[in-house]
Amino acid sequence: MLLFQDFSCQGDEIIALQKQIKENRLVHALLICGEPGTGKRSLASLIARSLVCESGHELSPCNNCDGWRLAIAGEHPDITVIEKGKSISADQTKNRTSITVGEIR
């Protein structure tokens, strides 16, 4: 499993993100962008797992609590993964090229 230290080469952005998580003051939205294969999905997963971890570790998930297990299994009720081209409900069109504001809400 990746840790925040694995993203330290990204510089000040990761340091600011760690500080926000530690102080329980994470911004309302994050835009993680970059070339394919740079770890965007891994970073988003790490952030989500850190936020639902029940162990009290400040900057890394414990990899042991129920919150972590549910997150890894894709079953945590507080984590919704929204991807371009994949519908999040049966009433929405598949294979779209954008994510709507309604889906984000």
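The values are calculated or read from the model by the stated rules, or taken from the named source; none is laboratory data. Quick caveat, the model's predicted, so the values are computed rather than measured. No Cβ is skipped: glycine too gets one built from the backbone with ideal geometry, and neighbour counts run over all protein chains shown. The accessibility values were calculated without ligands, DNA or RNA, using every heavy atom of the protein model including side chains. Shrake-Rupley method; radii C 1.70, N 1.55, O 1.52, S 1.80 Å.
Brief remarks on what is shown
- The magnitude of the dipole of the stretch 16-75, with charges of +1 and -1 set on the Cβ of Lys/Arg and Asp/Glu and taken from the Cα centre, is near 160 debye.
- One decimal place: the segment LYS22-ASP66 gains 13.8 nm when fully extended, by the rule 0.36 nm per residue minus the C-alpha distance.
- Links that overshoot a 21 Å alpha carbon limit, given the list LYS40/LYS86; LYS22/LYS86; LYS19/LYS84: LYS22/LYS86; LYS19/LYS84
- Packing-based ranking, highest mean first, of 6-17, 25-36, 65-76, 44-55 given that Cβ atoms within 10 Å are counted: 44-55, 65-76, 6-17, 25-36
- Accessible surface of the stretch 1-89, 1.4 Å probe, proportion on carbon and sulfur as whole %: 50
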